[in-house]
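See below for the structure under consideration.
The values are calculated or read from the model by the stated rules, or taken from the named source; none is laboratory data. Bear in mind that the values here come from a model prediction, so they are computed numbers and not experimental data. Glycine gets a Cβ as well: all are built from the backbone with ideal geometry, and neighbour counts include every protein chain shown.
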Amino acid sequence: MHSTGRSTTDSKFNMDYSSAQIGAWVGTLFWPFCRIAALMSVSPILGMKLIPARIRVVLAIMITMVVAPLIPSVPQVDVLSPDGILIIIQQVLIGLSMGFVLQMVFGVFTLGGQVIAMSMALGFASMNDPISGISVPTVSQLFTILVTLTFLAFNGHLIAIEVIADSFRTLPIGTTGLALSSIHDLISWASYMFIGAVLISLPAIASMLVINLGFGIMTRSAPQLNIFVVGFPVIITMGFVVIVLTLPSISAHLTSMTDSGFELMRSLARGG
């Protein structure tokens with residue numbers, strides 16, 4: 001009888017120890033998964049509407065399994081406790097903030113393409129963008145395809161994974177997350193999206209302005225000339241010529257914007 005009681009106590013002790021161990025293991029994987037999955041859900045390439053959610057979840061789990069052994073120890077907190085839910089919210093916010101930075105980098109070229117399309121009278125020619133899920137001009141879609149291929153060629157997706165992995169060391173998992181200064185820097189950096197779009201579209205804007213001024217002079221000197229019949233084909237043709245001439249500078253703009261974006265992501269992970 002005494003032996004049976006001792007075995008029951010040992011079994012109960014082992015069961016309690018296993019429950020605590022399982023809880024710690026779940027927290028070690030689940031909280032990094034929240035940050036990584038939040039990043040991938042809004043990232044420009046993996047967050048596309050064309051990629052099913054199941055594939056994104058599987059990729060997030062695979063990356064988490066690789067990153068989890070490399071991160072510092074996580075708090076021993078129950079996942080469903082108030083502190084655990086607060087940690088989940090913080091990790092999701094961190095991942096969304098980093099993914100939003102990459103979205104703004106790609107948004108520079110989408111916005112620049114929209115400005116160019118409006119200046120060359122192609123604003124009405126639009127199609128659905130698989131990355132953003134909205135209707136954008138065809139020029140913006142052209143820039144998006146080129147930027148996506150260039151980003152993959154530069155291994156930008158691998159750098160993004162490296163940055164999110166390093167963020168667990170500089171901004172460990174805990175109840176504290178992004179600082180107010182980091183959020184302010186994130187909002188302020190949105191202005192660079194408009195600056196970059198203007199730099200990309202500036203050659204086309206200047207060229208179209210010169211062409212429109214020339215048509216204005218022609219209209220004053222020859223009022224009988226139908227400017228709408230002659231002007232639209234010339235503007236569209238010259239617009240494509242300017243796009244072809246400025247395409248080599250796309251990679252330089254992308255490199256500059258991605259470097260700034262990754263630096264901002266590292267700054268967010270450092271807490272400002």
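Just a few scattered comments:
- Candidate set: the range 183-195, residues that are farther than 10 Å from LEU268 by Cα and either among the acidic types (Asp, Glu) or in contact with a Leu (Cβ under 8 Å, 6 or more places away or on another chain) (or both); chosen: the one surrounded by the most Cβ atoms within 10 Å (Cβ to Cβ): MET193
- Residues that are more than 23 Å from MET104 (Cα to Cα) and either in a helix (DSSP H, G or I) or not polar (S, T, N, Q) (or both) do not occur anywhere in the range 190-200.
- Positions within the range 145-174 being more than 20 Å from LEU39 (Cβ to Cβ) and either within 16 Å of the chain's Cα centre (by Cα) or not small (Gly, Ala, Ser) (or both), in sequence order: ILE145, LEU146, LEU149, THR150
- Flag for PHE215 being in a helix (DSSP H, G or I) and surrounded by 14 or more Cβ atoms within 10 Å (Cβ to Cβ): yes
- A residue that is in contact with a helix residue (DSSP H, G or I) (Cβ under 8 Å, 6 or more places away or on another chain), hydroxyl-bearing (Ser, Thr, Tyr) and outside any helix (DSSP H, G or I) occurs somewhere in the range 37-58.
- Filter result (free of Cβ contacts under 8 Å to residues at least 40 places away in the same chain and farther than 28 Å from LEU122 by Cα) within the range 230-272: ASP259, GLU263
- Scope the range 132-144; condition within 24 Å of ASP259 (Cβ to Cβ) and either at pLDDT 85 or above or under 15 Å from the mean Cα position of the chain (by Cα) (or both); matching residues: SER132, PHE143, THR144
- If the condition is being at pLDDT 85 or above and farther than 26 Å from ALA252 by Cα, then the range 93-131 contributes LEU93, ILE94, GLY95, LEU96.
- Residue that is loosely packed, with under 12 Cβ neighbours inside 10 Å and of a type in the set (A, V, I, L, M, F, W, C), where the choices are PHE228, PHE168, PHE151, PHE232: PHE228
- Note on the range 171-182: among residues that are touching a residue at least 12 places away in the same chain (Cβ under 8 Å) and in a helix (DSSP H, G or I), the one that is surrounded by the fewest Cβ atoms within 10 Å (Cβ to Cβ) is SER181.
- Take the conditions (1) out of contact with any Phe, Trp or Tyr (no Cβ under 6 Å at 6 or more places or on another chain); (2) assigned to a helix (DSSP H, G or I); PRO223 misses just one of them, which is (2).
- Scan the range 74-92 for residues that are out of contact with any Lys or Arg (no Cβ under 8 Å at 6 or more places or on another chain) and at pLDDT 80 or above and the total you get is 6.
- Matching residues, the range 146-159, being part of a helix (DSSP H, G or I) and either at pLDDT below 85 or within 24 Å of ALA60 (Cα to Cα) (or both): VAL147, THR148, LEU149, THR150, PHE151, LEU152, ALA153, GLY156, HIS157, LEU158, ILE159
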